[in-house]
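Worksheet for the structure shown next.
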Amino acid sequence: MKIELSNNKVFYKNGTSSEEIHPFWLRERANGEKHLDKGTQQRLFDPTSLDVEVQIKEAQIKDQILEINFNDGVNSKLDINLIAQEFSKKDIAVHSIEKIKWDSSLKSIKDFEFKDDLFESEEMYNILVSFYKYGFVIIKKVPTEDNYLVKFANSIGSVRRTNFGEHFNVKSKPNPNDLAYTSLPLAPHTDNPYRNPVPCIQILHCITNEVKGGFSTLVDGFTVTEILKKDNPEFYDILTKVKVRFKFIDKDVVLEDWSELIKLDEDNQFKQVRFSPRLDYVPILEKKDLDLYYKARKKISDLYNSKKYRIEFKLQPGDLLMMDNHRLLHGRTEFDVNEGNRFLQGCYIEFDSTEGKLRHLKRKYNL
Ligand code: OGA
Ligand code: ZN
């Protein structure tokens, strides 16, 4: 990508093609002190009030700076590298981190360790990059007192409160309103598929784990989706098309949301999985379609539950697991309450928290 000038017009050249950049696009980016607030980087003018026919009177490029005089008297100096970055049309900080697909053979993933100044450190950037690569990250020795989990989450972004509270205590209890609060095994699932929006990131912090069982399990929904797409395209097709109803009922709330089990983005690429077969209801479709749908759901369930794709590990007190609830499925093995206590605390945060922190640390450390 190259920025070039010809007859007071600005062009971007990509390979052999050359396109003019609209003068108004450049004018909107006027960054003199009358036009852009230094601190907030917000505009001090309203571009919708300007004449869209604005023209360039003079332009030159010197030392990577494009200087333009517009015919409305405004002068602007733009860094051509920043202009070039805008052609990616996607956020670079996050989207340049490539997802690494994994299955049960995933062995040596780096665990991180908590320290007091973690949240503003370069290590935090590495934690977030690892999170975006694998869809999860484990931080060890996180303080276990006074609901530290909430402080932890709020130091990255903001906790997303739900009807389960700001945080929830995962332990076996009488009259549970969710099977998570029992000692039963939990098959791989995504959390809260019935919410709109579905919580992006789940944090589980282990406070006590005295039982022999109660292993944590994770499955990469991205890997499984790609396998299904390759091996069973007709199953992949129907699971990316049919919207099902997810429902959760409690004493004072009835939550419901409709979605495909595999959601694709506008480029037909993987975006999100939802899976919680205790909570999903497919609408009435023609019998032949339901026939295909049920076979497809069984297949994806078999894949999610297969040992081939699952990793299993024991959370130790202080371990904090942060996972992408749109990409990964999680679960746990059964445990026996007579062997001792098992106590995890959980909460949710959204992607804008981790993305915002990631961009901030990238800027701070010039990464
Ligand atoms: C949950 C959950 C897993 C565990 O609370 O959503 O899946 O290890 N818990 O208890
Ligand atoms: Zn869960």
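Brief remarks on what is shown
- Selection status of residue 145, of a type in the set (Asp, Glu) and either at positive phi or touching a residue at least 12 places away in the same chain (Cβ under 8 Å) (or both): no
- Of residues in segment 297-340 being surrounded by fewer than 22 Cβ atoms within 10 Å (Cβ to Cβ) and among the acidic types (Asp, Glu), the one nearest to residue 219 (Cα to Cα): 312
- Residues within segment 46-103 that are surrounded by fewer than 13 Cβ atoms within 10 Å (Cβ to Cβ), closer than 15 Å to residue 35 by Cα and β-branched (Val, Ile, Thr), tallied: 1
- Residue 308 meets all of the listed conditions (1) more than 16 Å from ligand 1 (Cβ to nearest atom); (2) part of a helix (DSSP H, G or I) but one, namely (2).
- Odd one out for residue 235, checked against (1) surrounded by 14 or more Cβ atoms within 10 Å (Cβ to Cβ); (2) of a type in the set (Phe, Trp, Tyr); (3) farther than 19 Å from residue 309 by Cβ: (3)
- Pair list, Cβ under 6 Å, 6 or more apart: segment 251-268 residue within 11 Å of residue 239 (Cβ to Cβ), other residue assigned to a strand (DSSP E or B) and not hydroxyl-bearing (Ser, Thr, Tyr): 262/273; 263/271; 263/272; 264/271
- In segment 171-193 there is at least one residue that is among the aliphatic types (A, V, I, L, M) and either in a loop (DSSP other than H, G, I, E, B) or away from ligand 2 (no atom under 16 Å from the Cβ) (or both).
- Residue in segment 229-240 that is part of a strand (DSSP E or B) and at pLDDT 95 or above present: no
- Matching residues, segment 129-160, being closer than 23 Å to residue 309 by Cα and not small (Gly, Ala, Ser): 129, 131, 132, 133, 134, 136, 137, 138, 139
- Within segment 110-121, none of the residues are within 14 Å of ligand 1 (Cβ to nearest atom), modelled with pLDDT of 95 or more, within 18 Å of residue 356 (Cα to Cα) and not basic (Lys, Arg).
- Scanning segment 282-291 for residues that are closer than 30 Å to residue 163 by Cβ and either surrounded by 18 or more Cβ atoms within 10 Å (Cβ to Cβ) or within 16 Å of ligand 2 (Cβ to nearest atom) (or both) turns up nothing.
- Test: residue in segment 151-159 that is farther than 19 Å from residue 280 by Cβ, assigned to a strand (DSSP E or B) and within 16 Å of ligand 2 (Cβ to nearest atom): no
- Test result for residue 329, within 16 Å of ligand 1 (Cβ to nearest atom), in contact with a helix residue (DSSP H, G or I) (Cβ under 6 Å, 6 or more places away or on another chain) and assigned to a strand (DSSP E or B): yes
- Residues of segment 14-34 satisfying the condition of being within 16 Å of residue 2 (Cβ to Cβ) and polar (S, T, N, Q): 14, 16, 17, 18
- Among the conditions (1) over 16 Å from residue 200 (Cα atoms); (2) within 16 Å of ligand 1 (Cβ to nearest atom), residue 285 misses just one, which is (2).
- Out of 4, 33, one residue alone is part of a loop (DSSP other than H, G, I, E, B) and either closer than 14 Å to residue 79 by Cα or of a type in the set (Asp, Glu) (or both). It is 33.
The values are calculated or read from the model by the stated rules, or taken from the named source; none is laboratory data. Model, not experiment: these values are computed from the prediction. Note that we place each Cβ from the backbone using ideal geometry, even for glycine, and neighbour counts take in every protein chain shown.
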